[in-house]
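Visitor: Once you've had a glance at the structure underneath, I'll fire off some questions.
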Protein chains: 2
Amino acid sequence: MKRERKLGKGVCVIGAGMPKFGMFNDRDSKDLFAEAFKGCIGSVDKGIDPKDIDAVYVGNATNDFFVHQAHWGPIIADVIGHVPKPITRTEGACASSSQAFREACFAIASGFYDVVLAGGVEEMSKLSTEEATEGLAIFSFPDELKHGFTFPSLYGTRAVSYSEKYGAKWEDLWDLTIKSHNNAALNPKAQFNASIRDIMNTRIERAKAKGQPVPEWRDEKEALGDPSFNPLIAWPMHLFDCCPMSDGASAVLLASEEIAREFTDNPLHVIGLGQGSGTSLSLSEDLCSLEGVVYAAKEAYGMSGLGPEDVDFCEVHDCFSIAEVIATEDLGFFKRGEGYKAQKEGITARDGSKPINTSGGLKCKGHPVGATGTAQIYEIWKQLRGEAGERQIPNPNIRIAGTHNVGGHGGTCTFTLFERR
Amino acid sequence: MKRERKLGKGVCVIGAGMPKFGMFNDRDSKDLFAEAFKGCIGSVDKGIDPKDIDAVYVGNATNDFFVHQAHWGPIIADVIGHVPKPITRTEGACASSSQAFREACFAIASGFYDVVLAGGVEEMSKLSTEEATEGLAIFSFPDELKHGFTFPSLYGTRAVSYSEKYGAKWEDLWDLTIKSHNNAALNPKAQFNASIRDIMNTRIERAKAKGQPVPEWRDEKEALGDPSFNPLIAWPMHLFDCCPMSDGASAVLLASEEIAREFTDNPLHVIGLGQGSGTSLSLSEDLCSLEGVVYAAKEAYGMSGLGPEDVDFCEVHDCFSIAEVIATEDLGFFKRGEGYKAQKEGITARDGSKPINTSGGLKCKGHPVGATGTAQIYEIWKQLRGEAGERQIPNPNIRIAGTHNVGGHGGTCTFTLFERR
């Protein structure tokens, strides 16, 4: 980068909405986005007429072949009454709606539009988990697809490499999984709205009711070490290291800084934008880092004038437990090889000094891939406004938040910084 | 629209490249984009180091399921040596790379980036025409897909409605087809680099060589009226009313106005940006107009301060012959119901007062859907610089050009205006 990236015009988030993530037989992408949109419009403190929305960006990755329907831009425009105004779909695999958000920022900062909606939607439950896992593999690189990699195995490879290099063991990731579930248990919009302890209790009750042998786990870690509770998926990624297949949608509303206070007295200012790209495993120097994230962080920190130490809390892309560890190191929150120790020490817990994934993360909140980016923004919007309910970060001084989103296993990487003023 | 759309910062095109469109067994999307990129970089008058490219946008529509590989952003980034810098894929069906171009403009006008590449790529020949036609249908609206519409039938329906309303006959579209082929015969990059007369002669020679009955067509129109030459596809769209399946790529390079002259003394200034959306046939008021195009035109004319009369020539989206007629009316070049007469009167010919599709258009140049938008910009770049060779518009005073691109049959619509100063 020759110079620091700056926007010529400030941009703010003035609203955010999302329905609960999950697997829904009775709702499709149109229904889910309509709910996200309604929630988003309803969240604008001083109200807004949807007619004031100049343009829309929507992220989606898999609907083309998962539900055999492409060209979602105009379908979504129709659902929210936006026709004939412009809508653009972005696709960066699991980072699709972070790209939508970024384009919305550019469209406003360019001076062309005043009010822009950014969101995402994905409908993954209409296929079996096996079909969907195979379908998602086309978002990896051609050489990986050719050799039969799926995402659990791609991240498993990264985890093995991390373990080799830094000595972390599979068991070291359990603290992180327990933390994600503890947060998700307090998040009514999470697909897995339950702690590991809750899930253990459900299994015990079920065994009792069926007259089966009752598991005797002394604590969460003993359950996570039991293959009947936590089976292997792709070494060393076990079931509780992996995010689920999900249906979901999310949407956030943006306005130029100049007019944001017409809509709310508490806008979130977009203070850092960053995006980078990466290559396949075979071309990567270091499997324990995503070069696109490092680049995105450089852009975002550069624009904000801040560093990792200034970020009060962050939603990171934890499609697999190891991804959260690598993310927190790539973003500079922890030293190389030390990210996996952070949760052990309680640093990334809700009441720690650097809360990570207070929503429960992709692992527990769910990961409808195209909807994840703006759903992360929904979480930090709620937290920075003190509206996160039971999962509210107890520190009342939080002011700067980040969202980190990864498409593929590093092909597309975004990092965005927000400030409450 | 509450106010006129303006960019806070000027944006220029400083280079453009595309390989010949066609159907290629020996080259894939990566190869084609690499060629477009090389041509684009090579076209920059004063040279440019690819390292100076800050970001890339790439349009693609069908590769996810046509070649079973998604997430093309990072693949393209790798091909052109752009990793770890950002790349974003846009998808608006056949308007995908016009959206890429538009986002590139916003990214520069926002002040964030200085030099951005926009392009598109599509690889359609790996499927049979039947499979591809069915595959493309998922870019129509859900109600249309459900009832078995394909694109020839969707545009056929619009043509029937146009005929009902304005009295045009199928035969009235022949002048337009002849004109497109006349232009394409002079375009070495066109998939069908041949006039109707050339194609007739080839058929006659082939019949003679095989000892078959030799067709006795007195002129092009007699050939176009002969079902053995021009069979019906979906009434009233016949073979020569329809664009082909194509493989291809195209790329253009953009820079902020402030620095454009470091790269060329003849940049093209982006003076009008417009985009709109539309709904399915069943929800449309008027099948003889695309409401998204009307909206896009309003935005683009509004930004430029110009009107249709100021546009010296234009590339319009003629996936089917009727689409060119409707486009020229929606853009305000001709009155409603009179667009089909324009070519009859020679107005839209290369030497007419409003040349349309000097490249041969989608019909003859080919239509690798994701590559079409920036390929249209390649054409007006060559024309406005006087570098269009044999197909150069004879009027030396051309200064303002337009590009009009449609995704689906009107779901996504763009219109962009350029000026040579």
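Coordinate-derived values only; no laboratory data. Predicted model, so just to flag it, every value in this text is computed and none were measured. Quick reminder, even Gly has a Cβ in these numbers, built from the backbone with ideal geometry, and neighbours come from all protein chains shown.
Visitor: For the protein assembly as shown, take the alpha-carbon Rg, divide it by the Kirkwood Rh, and send me Rg/Rh. Could you put the intermediate results ahead of the total?
Guide: Working: Rg = 27.2 Å, Rh = 27.2 Å.
A ratio of 1.00.
Visitor: Any idea what Rg and Dmax come out to for the range A:71-139 if you just take the C-alpha atoms, in Å?
Guide: Calculated on Cα positions, Rg and Dmax stand at 14.6, 46 Å.
Visitor: Let me ask something additional. Quick check: convex hull of the Cα atoms in the range B:270-360, volume per residue, rounded to a whole Å³?
Guide: For the range B:270-360, the hull spanned by Cα atoms encloses 101 Å³ per residue.
Visitor: I would also like to ask the following. For chain B, what's the relative contact order in percent, using C-alpha pairs closer than 8 Å and at least 6 residues apart?
Guide: Relative CO of chain B lands at 26 percent.
Visitor: By how many degrees, between 0 and 90 and to the nearest 10, does the Cα long axis of helix B:29-42 differ from the longest principal axis of chain B?
Guide: 60 degrees
Visitor: Given a cut-off of under 8 Å on Cα pairs at least six residues apart, what relative contact order in percent is computed for the range A:104-203?
Guide: 11 percent
Visitor: Right, another one. Largest first, please: the extent of the C-alpha atoms of the range A:145-298 along each principal axis, to the nearest Å.
Guide: 65, 44, 29
Visitor: What whole number of Å gives the distance from the Cα centroid of the range B:122-173 to the Cα centroid of the range A:297-370?
Guide: With the range A:297-370 and the range B:122-173 each reduced to a Cα centre, they are spaced 48 Å.
Visitor: Please figure out what share of the DSSP beta bridges in the protein assembly as shown is antiparallel and state it in percent, rounded to the nearest 5.
Guide: Values: 79 of 107 bridges.
Restricted to the protein assembly as shown, the bridges split so that about 75 percent are antiparallel.
Visitor: Right, something else. Could you give the nm distance between label points at B:R421 and B:E309, where each point is 7 Å from its Cα heading toward the beta carbon?
Guide: So the label points at B:R421 and B:E309 sit 2.5 nm apart.
Visitor: Once you compute Rg and the Kirkwood Rh from C-alpha atoms, what is the Rg to Rh ratio for the range B:23-80?
Guide: Reported Rg/Rh, Kirkwood definition of Rh: 1.01.
Visitor: Each residue of the range B:212-225 in turn: what ³J(HN,Hα) in whole Hz from Karplus with 6.51, -1.76, 1.60 and θ = phi - 60°, glycine and Pro shown as x?
Guide: Result, ordered by residue: 8, x, 8, x, 10, 8, 6, 8, 4, 5, 5, 5, 5, x Hz.
Visitor: How much net charge surrounds B:I178 when only the other residues with a Cβ under 9 Å from the Cβ of B:I178 are counted, with Lys and Arg +1 and Asp and Glu -1? Walk me through the numbers on the way to the answer.
Guide: Details: positive: B:K179, B:R197, B:K221; negative: B:D175, B:E220.
That sum, taken over residues with Cβ under 9 Å, equals +1.
Visitor: Let me see the pair-distance distribution of the range B:39-158: every alpha carbon pair, 5 Å bin width, integer percents in order.
Guide: The distribution over the range B:39-158 is 2, 10, 17, 19, 17, 12, 9, 7, 5, 1, 0, given as percents.
Visitor: Once both labels are modelled 7 Å past Cα along the beta-carbon direction, what's the A:D198-B:I259 spacing in nm?
Guide: Computed distance between label sites A:D198 and B:I259 equals 5.1 nm.
Visitor: Between the range B:379-421 and the range A:239-265, how far is it from one alpha carbon centroid to the other, in angstrom?
Guide: 38 Å
Visitor: On to the next question. What list of ³J(HN,Hα) couplings, whole Hz, do you get for the range B:244-255 from phi and the Karplus terms 6.51, -1.76, 1.60, once you set θ to phi - 60° and write x for glycine and proline?
Guide: x, 7, 9, 9, x, 8, 8, 8, 10, 10, 10, 9
Visitor: Give, rounded to the nearest 20 debye, the magnitude of the charge dipole that the protein assembly as shown has about its Cα centre when Lys and Arg contribute +1 at Cβ and Asp and Glu contribute -1 at Cβ.
Guide: 740 debye
Visitor: What is the calculated FRET efficiency for B:E338 to A:K335, with r their C-beta to C-beta distance and R₀ = 60 Å, to the nearest 0.05?
Guide: Working: r = 71 Å, r/R0 = 1.19.
Step by step, r from the Cβ atoms, then E = 0.25.
Visitor: Provide the net charge surrounding A:G276, with neighbours chosen by a C-beta distance below 14 Å and charges set as Lys +1, Arg +1, Asp -1, Glu -1.
Guide: The answer is -1.
Visitor: Quick check: pseudo-label points 7 Å beyond the Cα along Cα→Cβ at B:S282 and A:H68, how many nm apart are they?
Guide: 1.7 nm
Visitor: Which log10 I(q)/I(0) values does chain A give at q = 0.10, 0.12 Å⁻¹ under the Debye formula, counting every alpha carbon as one identical point scatterer?
Guide: For chain A, the Cα-only Debye profile gives -0.62, -0.91.
Visitor: Starting from 0.36 nm per residue, how many nanometres of slack lie between A:W235 and A:E4 once their C-alpha separation is accounted for?
Guide: Computed gain between A:W235 and A:E4 is 79.1 nm.
Visitor: Expressed as a rounded percentage, what relative contact order does the range A:240-390 have, with Cα pairs under 8 Å and six or more residues apart?
Guide: 33 percent
Visitor: For a quick check, take a GNM of chain A with Cα springs below 10 Å and name the residue from A:G305, A:G346, A:G92 with the largest mean-square fluctuation.
Guide: In the Gaussian network model the winner is A:G305.
Visitor: Give me the net charge of A:F192's neighbourhood, meaning all other residues with Cβ under 12 Å from the Cβ of A:F192; Lys, Arg count +1, Asp, Glu -1.
Guide: After counting each charged neighbour, the total is +3.
Visitor: Using only Cα atoms and rounding to the nearest 10 degrees, what angle (0 to 90) does helix B:174-184 make with the longest principal axis of chain B?
Guide: Orientation of helix B:174-184: about 50 degrees from the principal axis.
Visitor: On a 0 to 90° scale, report how tilted helix B:369-384 is relative to the longest principal axis of chain B, with both axes built from alpha carbons and the result rounded to the nearest 10.
Guide: 80 degrees
Visitor: Hey, got a sec? Which GluC sites (Glu not before Pro) in the range B:148-239 land in a DSSP loop and have at most 12 other Cβ atoms within 10 Å?
Guide: Details: sites: B:E164, B:E171, B:E205, B:E216, B:E220, B:E222; in loops: B:E216.
Counting only loop positions with at most 12 other Cβ atoms within 10 Å, the GluC sites (Glu not before Pro) in the range B:148-239 are B:E216.
Visitor: Report Rg(Cα)/(2.2 N^0.38 Å) for the range A:105-149, keeping two decimals.
Guide: For the range A:105-149, the normalised Cα radius of gyration comes out at 1.90.
Visitor: While we're here: Please compute the Kirkwood hydrodynamic radius of the range A:45-110 from all pairs of different C-alpha atoms, in Å with one decimal.
Guide: After inverting the mean inverse Cα-Cα distance, the result is 12.7 Å.
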